[in-house]
Amino acid sequence: MITPTIPIEHYLYLSILLFSIGAIGVLLRRNAIVVFMCIELMLNAANLALVTFARYHGDAAGHIYVLLVMAVAAAEVAVGLAIMIQVFRLRRTVDVDELREMRG
Amino acid sequence: MGSYGTLLVLFVLAGGIALVMFTLTHFLGPKAPNPTKDMPFECGNITKRFDQRVSVKFYIVALLFILFDMETVYLYPWAVVYRDLGWMGFWSMVSFVSILVLGLVYVWKKGALDWE
Amino acid sequence: MSITLADLAQLLPVWILVATGLLLLMYEVFANQADRSHYANISVVGFVLALWATYSSLGSGTAYLFGQGATAPLILDGFARAGSLLLLSGGLIATLLSPAYAKNAGHDTGEYYALIVFAVVGMMVMVMAGDLMTFFLGLETMSIAVYALTGLRAGDARSIEAALKYFLMGAFATGFLLFGIAMVYGATGSVALVDLARFLSASDSALSANPILLLGVVLILIGFAFKVAAVPFHMWAPDVYEGAPTPVAGFMAVGVKAAAFLALLRLVMVALGSVEAAPWLPMLRWVSILTILGGNLMALSQSNVKRMLAYSSVSHAGYAMIGIVAAAKGETTAGNAVLFYLTGYTFMTLGAFGVLAFLERKEGGPESERFGAYAGVGFKHPAMGAAMVLFMIALAGMPPTGGFFGKLYLFSAAIRANELPLALVGIAGSLVSVYYYLRVLVHFYMREVPEPGPTPTATRSTQLSLGVALSAALILILGVFPSQWVQVSAKAVASIAAATF
């Protein structure tokens, strides 16, 4: 095993930064596709943290968790995009602020 | 900082090569433009204008591709330790792939794979 | 580690459900399309077999599957089995409520029932999970199935809008949860709940010296709060419940919530409860108070019955959270109270949504879901009206129903855990809720129809009546003979405590 010369904290800062960009993006952006991309960014930030810690602990399980998360995220993408296509067909928009069929 | 330096060299090299390639073809390549050549090219489908509607089947095939493509991610680590896992690993993968096959049968029979 | 056939046999209920789901999908594409009545029947048979398999294993000891000891990814203890019984009954009743409604709404397909079955598989994995990653997989199996179920009323703008909102909010919550899991993994080197427990109880400073761990636990709890629609993470709930097909809304309100609370209970009892004066205690306490007050106050001002039930289910998440707080303080009876409460909540809420599904007009639409639209239906459909009386009394927490004992156990557990203010807030919330639950009954038994307009028309179906009758019977049995289930759930919760170290 090569001793990593980039300290582990740097990976962690990057991961927290990515997570924050994603979370803020979800709260600020109105286009459902962009919101969804921000969510994917949050998931990938978690993946980065998982591989970093797996390397740090010398534990192979962490790498497998990332594969699990990737497959789960792909399933989520499929269902999510299918829903968005359906929304667009019906409403000609995917702006979450313009979807206000229900109030109360 | 040492390993970041290595990364920087990698980026500079990769970017430099791409830049050199583009410049060289721009100056050295022969140019004879005509309308057919200027059309955007995609393989398979007949190319359409951007504002035209694409059949929704196209999205469905793309979505299904993502799903089945992602599942191969499990085949790689499995294949690496295949001999160590023994019969348990074999039967685990058989059951996993069988469920995927049922999924494939389902989307096939639903007609989600038909282009027209 | 090797997988033995005996291990696999332990998971029989899960295999039965997976096979049922796959069978439904194959039936959908291969069988004669003219005959759609069998989907629900296949599904019901699957649920009944899985219930039987779970019930017959209720007395057996704890099994650790696919791993070493208590760090195993799947832990089949009494708690997992009792929780599975509850979730399977929820799935069964939701399936019974569906066929008539689904036929009207045009989504009476094999996929609909398969998705319910797969969602229950995910829920069962959640309550069996011995580590956070397995829990995550169960949660996603459940969530992805429920996103799709919400949007199944294709062509209905409300349904598809609800699906999009639910999907975006749910995926957002997943992001928090997963990042929290990654942080816990980083801090402790493992995702197993018992390893987290060992780490936390190793020294008093384990937490204060480790901001990453604290961040991880807080993010996981925020993810939970989103999934159970606790205030201030509840804003998706009313729109989603209003837009989703009515039986699906009922299934979401009970199944998703019960599975998430049971998993949270295991997390709290195994790991988080070992920390004295933990920093997340005040957070849970405030979430509980805000959820009870917010849910009840917003339910008061609703004019749409489905939205009212949505806010009511928000407030019920608040009551259950009281039990979680007490469990986090080490109160031994709290876990039992939460399990009992969730059981009662499952049947009374499913029953109420079942009556609404019975009365929903073919064209649907928000107009037919107003309180006023239900004027006099109690006289027109006496049996359904009587069932609704029972469910509303139960939701308000009055005897002789399981709802009363659920709240009684929760509030007394809170008082024993020195959380008197929480119990008082809970009682105040219950008193407020009497108003809006009785308001439904006032409209049901109104003599004259005040405002002419679209009124609900009944959808007759044997399965639906059976589902409502089953919910009504179970909520009454829980109210009249609570001790039976109390004993089962007490044993179940004790099995977690026994297995911790």
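Any read-out appearing in this document is the output of simple, stated calculations on the displayed coordinates, not a laboratory observation. Treat the numbers as computed from the prediction; the structure is a model and nothing was measured. Using ideal geometry, Cβ is built from the backbone for each residue, glycine included, and neighbour counts are taken over all protein chains shown.
Computed quantities for the displayed model
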read-out	value
Compactness of the stretch C:5-499 as Cα Rg over 2.2 N^0.38 Å, two decimals	0.92
Local electrostatic count, C:Leu356, Cβ distance below 10 Å [Lys/Arg +1, Asp/Glu -1]	-1
Ascending count of other beta-carbon atoms within 10 Å, so fewest first, for C:Glu161, C:Glu276	C:Glu276, C:Glu161
B:Tyr59 versus C:Phe30: modelled label distance in nm, points set 7 Å from Cα along the beta carbon direction	3.2 nm
Inter-centroid distance (Cα atoms) of the stretch C:1-51 relative to the stretch B:87-116, Å	17 Å
Per-pair calculated FRET efficiency, R0 = 41 Å: C:Ser56 and C:Leu297 via Cβ, rounded to 0.05	0.35
Residue order, fewest to most surrounding Cβ atoms within 10 angstrom, among C:Val191, C:Val338	C:Val191, C:Val338
Charge dipole of the protein assembly as shown about the Cα centre (unit charges at C-beta), most positive-ward option of C:Val240, C:Val355, B:Met93	C:Val355
Among C:Leu87, C:Gly130, C:Pro399 - extreme Cα towards positive end, dipole of the stretch C:5-499, charges at beta-carbon	C:Pro399
Residues in the stretch C:205-248 reached by a label modelled at A:Arg91 [backbone nitrogen below 17 Å; 7 Å Cα→Cβ]	C:235-245
C:Ala469 paired with C:Leu281, simple spin-label distance in nm, labels 7 Å along Cα-to-beta-carbon	5.0 nm
Gyration tensor (alpha-carbon) shape descriptor, the stretch C:49-175, a/c threshold 1.5	oblate
Cross-link pairs C:Lys257/C:Lys380; B:Lys110/C:Lys103; B:Lys37/B:Lys110 - those with Cα-Cα distance over 28 Å	C:Lys257/C:Lys380; B:Lys37/B:Lys110
Between 0 and 90°, nearest 10: helix C:78-105 axis offset from chain C longest Cα axis	30 degrees
Shielding of A:83-90 by partner chains, average beta-carbon count, 10 Å	6
Cleavage-rule hits (trypsin sites (Lys or Arg not before Pro)) in the stretch A:14-64: DSSP loop, at most 13 neighbouring Cβ within 10 angstrom	A:Arg30
Angle between chain C longest axis and helix C:12-30 axis [Cα atoms, degrees, rounded to 10]	40 degrees
Value at 222 nm in deg cm²/dmol, rounded to 500, when DSSP H runs of n ≥ 4 in chain C each add -39,500 (n - 2.57)	-24500 deg cm²/dmol
C-alpha long axis of helix C:382-395 to longest principal axis of chain C, angle in °	30 degrees
Angstrom value of the Kirkwood radius, inverse mean 1/r, which spans all Cα pairs in the protein assembly as shown	26.9 Å
Placed amide H near C:Ala63: partners under 5 Å, 5+ positions off or other chain	C:Leu76, C:Asp77
Centre separation in Å (Cα based) which lies between the stretch A:16-65 and the stretch C:267-299	26 Å
Shielding of C:168-177 by partner chains, average beta-carbon count, 10 Å	6
Relative packing of peptides B:88-101, C:35-48, C:108-121, C:385-398 - highest average C-beta neighbours within 10 Å first	C:108-121, C:385-398, C:35-48, B:88-101
Local net charge near C:Ile116, Cβ-Cβ under 14 Å (Lys/Arg +1, Asp/Glu -1)	-3
From phi via Karplus (6.51, -1.76, 1.60), per-residue ³J(HN,Hα) for the stretch C:122-134 in Hz, x at Gly/Pro	x, 4, 5, 4, 4, 7, 8, 4, x, 9, 5, 6, 5
Separation in nanometres of the label points that stand 7 Å from Cα toward Cβ, at A:Tyr13 and C:Tyr435	5.4 nm
Cα gyration tensor shape of the stretch C:249-306, rounded if a/c is under 1.5, else prolate or oblate by comparing a/b with b/c	oblate
Neighbouring partner chain Cβ atoms per residue of B:63-71, average, 10 Å criterion	4
Packing rank of C:342-354, C:11-23, where each peptide gets the mean count of other beta carbons within 10 Å, highest leading	C:342-354, C:11-23
For the stretch A:8-91: rounded, prolate or oblate by the Cα gyration tensor [a/c cutoff 1.5]	oblate
